[in-house]
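Okay, so here's the structure we're looking at.
The values are calculated or read from the model by the stated rules, or taken from the named source; none is laboratory data. All values reported here derive from a predicted model rather than from experimental measurement. Virtual Cβ from ideal backbone geometry, glycine too; neighbours counted across all protein chains shown. Surface areas here come from the heavy atoms of the whole protein model, side chains and all, with no ligands, DNA or RNA. Shrake-Rupley method; radii C 1.70, N 1.55, O 1.52, S 1.80 Å.
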Amino acid sequence: MEETTMTTTKPNILLTPGPTPVPPEVLEIMSRPIFHHRTPQFRSVLKQLQEGLKYVFQTKQDVYTICASGTGGMEASIVNFFSPGDHVIAVNSGKFGERWVKMAQAFGLKCDVISVEWGKAVDPIDIKKQLDAPTGKDIKGVFTTLCETSTGVLTDIKAIAQITKNYQALLIVDAISALGGEDCKMDEWGIDIVITGSQKALMIPPGLAFVAASQKAWNRAKDANLTKFYLDLKKYQKSLLEEDVPFTPAITLVLAQVEALRQFKEDGYDKVIHRAKKLAEATRKATQAMGLKTYSKAPSNVLTTIELPASVDGSKLVKMMRDELGVTVAGGQDHLKGKVIRIAHMGFIRPQDLATGFKIFGEALARQGYQCDVTKAVEQFKNL
Ligand SMILES: Cc1ncc(COP(=O)(O)O)c(C=O)c1O
């Protein structure tokens, strides 16, 4: 077994599935003096934002920017397109699927749950079965998650969209942790509502949520009568027509997002998605090289969930990696607490960050008595 050689200076590397590191050019833009938003200068910024967002969403629809974390975007997709008592289904395969269920119930929707074992992806056929059931005729929405961040599982949204487009139900996709890192073609696949957040593959700090809706969804919005004010997308729609915003926007974050999306477009959609895929593959190989297993049965390209040896206390490991060794990863949630770690490889996370991350991971494991060959793991990130 190889000994891990530690450098004397502590790194400062963020490998959590949100927030993620921010490119230096974006950080520089955020340090510039603030200016007013009811100005031609900001109108031009809004135009660029819209173009960048349409590109990453792969849609011709307008994309609305809300000053909120991703959950605000999820809420907007309920209050603008549904009414109390509407019958919907939600896929629950982890913490964020569970959030759909709780949110739908909080707004008085009649929510049937498709429960999926953690670590597995929903079988699209199970959604079709619900829609075809005698009780399924009135289903108005199917709530899903592109990448279930609590498990690292990727949902086959393309296959689900093939199904839902033949029904009245809207397909709503929480793409908060994955848009910009996983393929998700809103128009081509026929997704009705896509939601994402700024702090993951979109490479800026937390604070913005983005929502886009299909024509089918907008037709539904006409009758949707849930109470809303700040999240009323019709206000955002009306303002956008006048190249304006309904409320004071997070100007600095908007500027940051424009630059991050410019970089995304400069690299190109396919290339960025491919890069995340390569990093994900290398991360899984590195995991294997350390004698460990990937938790997810349908692993995503944006994060990897790694099962820890039974002898290791995952909560202590995460704390040690962060506080003593300078690498922040996420721990497990709910029953996975202490049993897994979650490592992101999306957005501005580079191969060298993951190489250092794995070196430190090996060091932390060794401190808890689990010895493994970290050299082979680190090698996986060479020449990417
Ligand atoms: C898939 C998914 N959905 C929803 C959320 C919630 O987003 P936020 O914490 O930005 O409100 C997250 C955040 O981690 C997520 O990963």
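Mind listing just one residue for me: the one in segment 168-186 that is out of contact with any Ser or Thr (no Cβ under 6 Å at 6 or more places or on another chain) and closer than 22 Å to residue 76 by Cα and, of those, nearest to the ligand (Cβ to nearest atom)? Once the filter is applied, the top-ranked residue is 178. The set of residues in segment 187-208 being among the charged types (D, E, K, R) and more than 12 Å from the ligand (Cβ to nearest atom) consists of 187, 188, 192.
Residues in segment 25-36 that are under 28 Å from the mean Cα position of the chain (by Cα) and of a type outside the set (D, E, K, R) were compared, and the one that is farthest from residue 263 (Cα to Cα) is 31. In segment 144-156, the condition of being at pLDDT below 95 and in contact with a Ser or Thr (Cβ under 9 Å, 6 or more places away or on another chain) is met by no residue.
May I ask you to verify whether residue 135 is in a helix (DSSP H, G or I) and either away from the ligand (no atom under 16 Å from the Cβ) or not aliphatic (A, V, I, L, M) (or both)? Judged against the criteria, residue 135 is a match. Considering (1) open to solvent by 30 Å² or more (accessible area, probe 1.4 Å); (2) in contact with a strand residue (DSSP E or B) (Cβ under 8 Å, 6 or more places away or on another chain); (3) acidic (Asp, Glu), the lone condition that residue 242 does not fulfil carries the number (2).
Considering (1) without any contact (Cβ under 8 Å) to a residue 40 or more places away in the chain; (2) under 24 Å from residue 334 (Cβ atoms); (3) surrounded by fewer than 22 Cβ atoms within 10 Å (Cβ to Cβ), the lone condition that residue 109 does not fulfil carries the number (3). When you look at residue 132, is it under 30 Å from residue 306 (Cβ atoms) and surrounded by fewer than 20 Cβ atoms within 10 Å (Cβ to Cβ), yes or no? In short, no.
Of the residues 211, 272, only one is in contact with a Phe, Trp or Tyr (Cβ under 7 Å, 6 or more places away or on another chain), closer than 28 Å to residue 164 by Cβ, among the β-branched types (Val, Ile, Thr) and within 16 Å of the ligand (Cβ to nearest atom); which? Only one candidate qualifies: 211. Would you mind stating whether residue 75 is touching a residue at least 60 places away in the same chain (Cβ under 8 Å), of a type in the set (D, E, K, R), within 16 Å of the ligand (Cβ to nearest atom) and open to solvent by 30 Å² or more (accessible area, probe 1.4 Å)? Answer is yes for this residue.
Looking only at residues of segment 245-256 that are part of a helix (DSSP H, G or I) and in contact with a strand residue (DSSP E or B) (Cβ under 8 Å, 6 or more places away or on another chain), we find that the one that is nearest to residue 204 (Cα to Cα) is 253.
Summed over segment 300-319, residues that are of a type outside the set (Asp, Glu) and either assigned to a loop (DSSP other than H, G, I, E, B) or not assigned by TED's automatic domain parsing to the domain that holds residue 274 (or both) total 8. Scanning segment 7-55 for residues that are touching a helix residue (DSSP H, G or I) at 6+ places or on another chain (Cβ under 6 Å) and within 16 Å of the ligand (Cβ to nearest atom) yields a single hit, 15. Quick check: anything in segment 146-156 open to solvent by less than 20 Å² (accessible area, probe 1.4 Å) and more than 14 Å from the ligand (Cβ to nearest atom)? The answer is no; no qualifying residue exists. Across segment 336-360, the qualifying residues are those that are open to solvent by 10 Å² or more (accessible area, probe 1.4 Å) and without any contact (Cβ under 8 Å) to a residue 40 or more places away in the chain, and the one among them that is nearest to residue 26 (Cα to Cα) is 350.
Of all the listed residues (33, 84, 40), the sole one being under 20 Å from residue 238 (Cβ atoms), open to solvent by 20 Å² or more (accessible area, probe 1.4 Å), assigned by TED's automatic domain parsing to the domain that holds residue 250 and not β-branched (Val, Ile, Thr) is 40. For the condition within 16 Å of the ligand (Cβ to nearest atom), open to solvent by less than 40 Å² (accessible area, probe 1.4 Å) and either more than 16 Å from the chain's Cα centre (by Cα) or modelled with pLDDT of 95 or more (or both), residue 254 does not qualify.
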